[in-house]
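A.B. asks: Provided herewith is a single structure, encoded as structure tokens, for subsequent inquiry.
Every number here is computed from the coordinates shown, using simple stated rules; none is lab data. None of the values given here were measured: they were computed from a predicted structure. Cβ: placed from backbone, ideal geometry, glycine included. Neighbour counts: every protein chain shown.
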Amino acid sequence: MEKWVNPACKLSHENKTISQHIQEVLAILGEYLQFYGLREKYFEIAKFLAEYHDAGKMHINWNFNSKEGHAHHSLEYMLEKKIEYHEKNLDPVLKFLILKHHSSLSDVIGEKTIEYGGKRYSIKNVFNVLFKDKMNASLSKIVNNQFNLIIDVVDVLGLFKIADVCSAKGKAVQLKRPVITEDFVKRIVAKKLDEVRWNEQKTLASLPNISMLRAYTGWGKTDVSLLFFRDKNVSKVFYLLPTVTAINIFFEKLRKASNEEVAKYFYFIDTELKEDYEKLSNLYFIENFTAPYNITTIDQFLLAFLQVGKYYTKRVMFRDSGLIIDEVHLLNPLMLDLLTFFLKKYAMTYNFKILFMSATFPSALIKYFCENFQINRFLDYSKGYEEKRRVMWEYIDKQIENSVESIIRERQKGKKVLVITNTVEDANNLGKKFENEYKLSYGEEFIVFHARTMYKNRKEKENWLNNNREKPHIAIATQVCEVSLDLSYDTMFTELASLPALVQRFGRVNRYGDKTKEINVYIFKPHVKNPQSYPYSENELKISEEIVRELEGENLRSEKQLIEKADLSLSYEELLNEITLAKRSINMKYWEELLKFFYSFDVKDEKISQALNYREGFTTLVIPHPDCIEEPMRSYVAELLRKDFSCKSFNEKSKLIAELKELAVPIPFWWLRNAKLEES
């Protein structure tokens with residue numbers, strides 16, 4: 001009996017033969033290659049991938065209702081039929097890509113068996129003996145001599161895989177370039193324009209392909225940043241925003257203005273889509289950035305370029321793209337170094353257009369970007385700070401918990417009051433004091449908002465803040481509010497923090513005003529319980545207190561004074577020293593040698609994790625034990641954890657995973673270490 005069935009007579013997917021699927025994939029892939037200008041040079045590679053990726057489905061033992069894989073049979077078919085790609089150096093590479101097209105590009109091959117030369121062998125042994133050394137030799141040679149080629153080949157795989165999924169799901173996903181006009185940007189702003197400021201904002205379009213924007217809070221930099229790409233013909237626009245809250249807020253603005261041609265993606269996105277099976281089924285295309293406008297985090301960019309998991313379907317979408325990197329001053333030294341490394345490494349191949357933005361762009365960071373990206377022209381509207389004094393403060397040499405009655409009185413005057421502590425523990429304790437000692441109603445008169453909470457609760461809190469934006473209330477928050485809240489408060493009570501952090505906090509008060517003649521910010525002595533895990537160093541707090549006391553009350557004539565002082569708090573040499581220290585934790589040379597800009601980064605692989613050993617600022621997600629949770633949430637969590645995944649459809653499993661993710665709380669590694677020590 002013939003081992004291989006005619007592809008025109010065997011189903012690949014429901015109501016679709018193998019031949020039909022292959023032709024469909026090739027047609028879609030051709031359009032994608034054309035979109036990125038790769039068709040002429042790489043169509044033969046694309047055709048090879050499309051024609052043989054599902055050759056294994058012709059095997060007599062395979063059928064589309066079974067869960068049996070087919071990629072190993074595809075290699076078996078090519079070996080038996082002596083099929084080789086005409087460029088010998090790429091043949092083992094393409095065979096590997098076909099073998100791994102349903103998984104990450106790990107060099108670990110499974111143990112499934114195939115028939116070869118009349119005997120049965122594991123696919124792992126066959127590939128390792130026949131192809132592995134040749135492939136690694138080819139990869140090393142290509143990376144050293146034709147860097148663009150290896151990047152392009154992996155990107156062709158990424159586009160092929162998206163075309164493959166389109167055909168398999170019966171989805172028509174067209175790649176479209178963003179059309180950016182002044183009228184479109186006006187729709188994003190969605191309010192009466194200040195003509196003087198609008199003329200300033202329009203100058204963004206005249207900037208070079210890589211540039212910077214420094215503008216005072218309230219100038220509207222995020223809303224109008226698209227103008228930077230007006231005449232630059234980008235394939236897509238990526239907004240890389242600092243927090244999920246910022247993403248959610250801006251997504252709603254852009255969605256209303258763009259006719260739904262926008263997508264947001266972050267780790268918890270499926271929790272927002274779980275009740276809509278249609279959107280949940282489209283999650284693959286959302287997470288792989290197929291929309292013209294994509295709002296995501298800097299982490300997602302770095303994960304794609306660090307080659308984590310199935311990186312190849314994400315990274316390709318950054319070709320010829322426009323990047324808006326907002327609040328760059330918030331990047332830690334390691335992230336800054338990694339971002340710079342990849343933007344420079346891929347500059348020629350990907351032709352990025354980049355706008356770095358910050359309301360408080362430190363001079364040291366400006367110099368860093370100018371030197372690394374040869375930026376010779378950028379926009380600086382920080383002069384607007386000279387005309388503003390939206391805050392005046394008083395420093396109080398006692399801890400914030402001693403001023404609860406003052407905070408409550410401000411709310412009783414009909415004011416919106418923001419209270420900021422430097423730690424989650426202090427925010428929670430303050431909330432308990434409001435509720436237990438002063439009988440304020442949580443969820444009506446006040447709320448506690450920080451990052452260390454279930455995503456389910458975080459969304460509810462964001463909605464509460466938005467719905468109460470015009471009503472008197474008290475919001476107790478941590479650093480998460482420094483960039484997340486698009487709200488303007490009347491009065492703020494805050495613990496002393498680093499000067500850059502205080503500048504961000506001041507931006508939440510009297511946000512849309514110009515001048516104040518009375519105190520609207522009260523700064524308190526910080527409660528430093530554990531210096532090792534405290535978010536600010538002793539030296540940062542000392543410098544900050546000196547400047548806060550110097551500019552107290554009427555001594556602050558304009559916000560420009562504050563920005564200038566913040567500039568002096570970090571020199572260029574200090575910034576470079578911080579980056580050098582961070583680089584000791586990450587060996588990019590070793591990373592390059594191991595992955596060859598090709599293999600996937602497997603975080604479980606000890607060899608590779610040695611290259612990326614930066615853990616201090618990292619968090620992990622933890623689902624709290626039901627016993628740690630109060631009712632009624634305790635019963636809900638316990639019931640959800642008991643649910644069985646077996647016998648559920650793909651959509652049902654996806655929904656259940658999303659429901660479980662909603663319960664996860666981001667916990668810093670240092671906190672877990674301390675908890676274990678206390679337990680022992």
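A.B. asks: Please list, in order along region 237-248, the HN-Hα scalar couplings obtained from phi with the Karplus expression 6.51 cos²θ - 1.76 cosθ + 1.60 (θ = phi - 60°), rounded to whole Hz, x for Gly and Pro.
C.D. replies: Once rounded to whole Hz, the list reads 10, 10, 8, 9, 9, x, 9, 5, 4, 4, 4, 4.
A.B. asks: Tell me, what is the FRET efficiency for V189 and H86 to the nearest 0.05, using R0 = 45 angstrom and their Cβ-Cβ distance as r?
C.D. replies: So, using R0 = 45 Å, E works out to roughly 0.25.
A.B. asks: What are the chymotrypsin sites (Phe, Trp or Tyr not before Pro) within region 408-449 that DSSP puts in a loop, where the Cβ has at most 13 other Cβ atoms within 10 Å?
C.D. replies: Counting only loop positions with at most 13 other Cβ atoms within 10 Å, the chymotrypsin sites (Phe, Trp or Tyr not before Pro) in region 408-449 are Y438.
A.B. asks: Where a ≥ b ≥ c are the square roots of the eigenvalues of the C-alpha gyration tensor, would you call the chain rounded, which needs a/c under 1.5, or, failing that, prolate if a/b is larger than b/c, or oblate?
C.D. replies: In terms of gyration-tensor shape, prolate.
A.B. asks: How many nm separate the modelled label positions at K132 and M633, each set 7 Å beyond the Cα in the direction of the Cβ?
C.D. replies: Taking the two extended label points, one gets 4.8 nm.
A.B. asks: Assign unit charges at the C-beta atoms only (+1 for Lys and Arg, -1 for Asp and Glu), then state the dipole size of region 389-557 relative to its Cα centre in Debye, rounded to the nearest 20.
C.D. replies: 520 debye
A.B. asks: In the chain, what percentage of the DSSP-assigned beta bridges are antiparallel, given to the nearest 5?
C.D. replies: Of the beta bridges lying entirely in the chain, close to 20 percent run antiparallel.
A.B. asks: Now a separate question. In degrees from 0 to 90, rounded to the nearest 10, what is the angle of the helix 559-568 Cα long axis to the longest principal axis of the chain?
C.D. replies: 60 degrees
A.B. asks: May I pose another question? Of I151, V179, G56, whose Cα points farthest to the positive end of the dipole of the chain (charges on the beta-carbon: +1 Lys, Arg; -1 Asp, Glu; origin at the Cα centre)?
C.D. replies: With unit charges placed on the Cβ atoms, the residue in question is G56.
A.B. asks: Within region 389-482, list the GluC sites (Glu not before Pro) lying in a DSSP loop whose Cβ has at most 15 other Cβ atoms in a 10 Å radius.
C.D. replies: E437, E444, E470
A.B. asks: In percent, what relative contact order does the chain have, based on Cα pairs under 8 Å that are 6 or more apart in sequence?
C.D. replies: Across the chain, relative contact order equals 13 percent.
A.B. asks: Under 13 Å from the Cβ of K653, count the other residues' Cβ atoms, weight Lys and Arg +1, Asp and Glu -1, and hand me the total.
C.D. replies: Net of charged neighbours comes to +1.
A.B. asks: I want to make sure I understand the PRE zone here: with the label point 7 angstrom from the Cα of T113 toward its beta carbon, which residues in region 70-89 have backbone N atoms less than 15 Å away?
C.D. replies: 73
A.B. asks: Still on this structure: Considering only the other residues whose Cβ falls under 12 Å of the Cβ of V480, what net charge follows from Lys and Arg at +1 and Asp and Glu at -1?
C.D. replies: +3
A.B. asks: Applying 1/(1 + (r/R0)^6) with R0 = 30 Å to the Cβ-Cβ distance of A27 and M348, what FRET efficiency is obtained, to the nearest 0.05?
C.D. replies: For R0 = 30 Å, the calculated efficiency reads 0.50.
A.B. asks: Between T580 and Y512, what length comes free when the chain is fully extended (0.36 nm per residue of separation minus the Cα-Cα distance, one decimal in nm)?
C.D. replies: 20.6 nm
A.B. asks: Note down the magnitude of the dipole of the chain about its Cα centre, charges +1 on Lys and Arg C-beta and -1 on Asp and Glu C-beta and zero elsewhere, to the nearest 20 debye.
C.D. replies: Charge dipole, the chain, about its Cα centre: 1360 debye, nearest 20.
A.B. asks: With r defined as the distance between the Cβ atoms of N15 and K413 and R0 fixed at 45 Å, what FRET efficiency is calculated, to the nearest 0.05?
C.D. replies: 0.10
A.B. asks: Let me ask something else. Over what distance in Å are the Cα centres of region 413-474 and region 111-150 separated?
C.D. replies: 57 Å
A.B. asks: Working from Cα positions, state the angle (0 to 90°, nearest 10) between the long axis of helix 71-80 and the longest principal axis of the chain.
C.D. replies: Relative to the chain, helix 71-80 is tipped by roughly 30 degrees.
A.B. asks: Here's something else I'd like to know. Would you work out if region 387-537 is rounded, prolate or oblate? Take a ≥ b ≥ c from the square roots of the eigenvalues of the alpha-carbon gyration tensor; rounded if a/c is under 1.5, else prolate when a/b is larger than b/c, oblate otherwise.
C.D. replies: Since a/c stays below 1.5, the shape of region 387-537 is classed as rounded.
A.B. asks: Which of the pairs K236/K661; K47/K583; K191/K232; K186/K413 have their Cα atoms more than 32 Å apart in this structure?
C.D. replies: K47/K583; K186/K413
A.B. asks: Do the sum for the chain: with -39,500 (n - 2.57) for every DSSP H run of n ≥ 4, divided by all residues, what is the mean residue ellipticity at 222 nm, to the nearest 500 deg cm²/dmol?
C.D. replies: -13000 deg cm²/dmol
A.B. asks: Would you mind computing, in nm to one decimal, how far apart the modelled labels at L594 and D644 are, each placed 7 Å from Cα along Cα→Cβ?
C.D. replies: Between L594 and D644, the simple spin-label model gives 4.0 nm.
A.B. asks: Report, in degrees rounded to the nearest 10, the 0 to 90 angle that the Cα long axis of helix 39-52 makes with the longest principal axis of the chain.
C.D. replies: 60 degrees
A.B. asks: Tally Lys and Arg at +1 and Asp and Glu at -1 over the other residues with C-beta under 9 Å from the C-beta of D490: what net charge comes out?
C.D. replies: Spelling it out: positives minus negatives among the neighbours equals +2.
A.B. asks: What is the distance, in nm, between label points placed 7 Å from the Cα along the Cα-to-Cβ direction at D231 and at D299?
C.D. replies: 3.9 nm
A.B. asks: How about region 1-105: which trypsin sites (Lys or Arg not before Pro) there lie in a loop by DSSP and see at most 12 other Cβ atoms within 10 Å?
C.D. replies: Qualifying residues, ordered by number: K67, K81, K82, K88.
A.B. asks: Report the full-extension gain for the segment K383 to R469: residue separation times 0.36 nm, less the Cα-Cα distance, to one decimal in nm.
C.D. replies: Using 0.36 nm per residue and subtracting the Cα-Cα distance, I get 28.0 nm.
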